[in-house]
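Here the structure is laid out as structure tokens; the discussion comes afterwards.
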Amino acid sequence: MRSRWLRVANARYTVPLCLFLFAALLYANTLDNGFVLDDRPLVERNPLIRRVSRIPTLFTSDYWAPQQTSGLYRPVVMTTYTLNFLAGKRDPRGYHGVNIALHAGVSILVWVLYRRLTGDPLTAGAAAFLFAALAVHTEAVANVVGRAELLSAFFFLLSFLAYLGSRSVGGTRSAGLYAASLGAFLLGLLTKEGVVTLVGVIFLHHLVYGDGGARSLVPRLWETLRRCWRILGGYVLVTLLYLGIRTLALGTTKTLPPLIMMDNPLVMLDLPPR
């Protein structure tokens, strides 16, 4: 019995362990990177991340404070920089090490998600290893300030997985996992604004995997909305809570700063090519 349990445990943990090592080794060379571009004002020279006592200030400040006002609000990611500073001061290796670990963690969550959606370990493993190796992640992992993308992806997937788990605990809905999903969703919003798209992803999950009887698209959309509006309501309320906190902190109802070409070249194109 014990040997059988060990075999099951080994099979369960071998893939995530290999995936973690694979994702981490891909970016191990970034440990020698210094601070570049936005890393310098946001991390290296930022006086707000020097002491734990200033963490509350991060929750009442603009993302770019005290250098400028950007209209961005990301106190959770700034808090992680404070913890990094306490552990290693201005040594960039610690900051890059956390980014690498986060990328590996996100890759494992991708593996868990695909196992949940497909039920096929081979498909899940292939998807997760491919995700870990995609070159599109390089900017997010190699730059310290890319942590906003890494951390928001982590909370996004964690919230989505908790939501999926809340729907299938003994055939009934788990209030605890649903609450955990909402909590991770709020932390994600306080990390980066794009996490709000989880509301649409949950709706699409109901649309694709639901058991609605409508065949045509429009009736199926309405039927899906009718079946899941209570579930989506919790995420909408959390979004409103986040917007309220953000407004109180920044003193403005303006949601996002205008996009610039450096951040997204698509904004310079006309609508059809975009």
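The values are calculated or read from the model by the stated rules, or taken from the named source; none is laboratory data. Computed from a prediction, not measured in an experiment: that's the story for all the values here. Note that each Cβ is placed from the backbone with ideal geometry, even for glycine, and that neighbours are counted across all protein chains shown. Side chains are part of the model used for accessible areas, which takes the heavy atoms of the whole protein and leaves out ligands, DNA and RNA. Shrake-Rupley method; radii C 1.70, N 1.55, O 1.52, S 1.80 Å.
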Let's test the formula: R0 of 45 Å, r as the Cβ-Cβ distance of A175 and I55. What FRET efficiency results, to the nearest 0.05?
0.90
In nm, give the distance between the simple-model label positions of R116 and N29, each being 7 Å from the Cα along the Cα-to-Cβ direction.
3.5
In debye, nearest 20, what is the charge dipole magnitude of the chain about its Cα centre with +1 on Lys and Arg Cβ and -1 on Asp and Glu Cβ, if you could check?
940
In terms of the charge dipole of the chain, which places +1 on Lys and Arg and -1 on Asp and Glu at the beta carbon, the residue among V195, V141, L17 farthest towards the positive end is L17
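At 1.4 Å probe radius, can you tell me the per residue accessible area of the chain in Å²? Can you show the working numbers first?
Numbers: 15270 Å² over 274 residues.
In whole numbers, the chain has 56 Å² accessible per residue.
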Trypsin sites (Lys or Arg not before Pro) in the range 4-108 lying in a DSSP loop, each with at most 15 other Cβ atoms within 10 Å of its Cβ, come to R45, R50, R51, K89, R90
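Run lengths n ≥ 4 of DSSP H only: what is the helix-derived mean residue ellipticity at 222 nm for the chain, with -39500 (n - 2.57) per run over all residues, to the nearest 500?
Result for the chain, helices only: -20500 deg cm²/dmol.
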Could you please report the charge total around A65, scoring K, R as +1 and D, E as -1 over all other residues with beta-carbon less than 13 angstrom from its beta-carbon?
+2
Is the range 125-186 best put as rounded, prolate or oblate by its Cα gyration tensor, with a ≥ b ≥ c the root eigenvalues, rounded for a/c under 1.5, and otherwise prolate when a/b is larger than b/c, oblate when not?
oblate
Could you work out how far apart the two model spin labels at R45 and R167 are, taking each label as a point 7 Å from the Cα in the direction of the beta carbon, and quote it in nm?
4.9
The set of residues whose placed amide H lies less than 5 Å from the amide H of S70, leaving out same-chain residues fewer than 5 positions away, is Y63, W64
Looking at the square roots a ≥ b ≥ c of the eigenvalues of the Cα gyration tensor of the chain, which shape do they give, rounded for a/c under 1.5, prolate if a/b is larger than b/c, or oblate?
oblate
Taking all protein chains in place and a 1.4 Å probe, what share, in percent, of the accessible surface of the chain do carbon and sulfur account for?
67
Hey, rough spin-label estimate for R274 and D38, points 7 angstrom out along Cα→Cβ, what's it come to in nanometres?
1.9
Under 15 Å from the Cβ of L19, count the other residues' Cβ atoms, weight Lys and Arg +1, Asp and Glu -1, and hand me the total.
+2
With θ set to phi - 60° and the Karplus curve 6.51 cos²θ - 1.76 cosθ + 1.60, what are the ³J(HN,Hα) couplings of the range 49-64 in order, to the nearest whole Hz, using x for Gly and Pro?
10, 8, 9, 4, 4, 8, 4, x, 5, 4, 7, 10, 10, 5, 4, 9
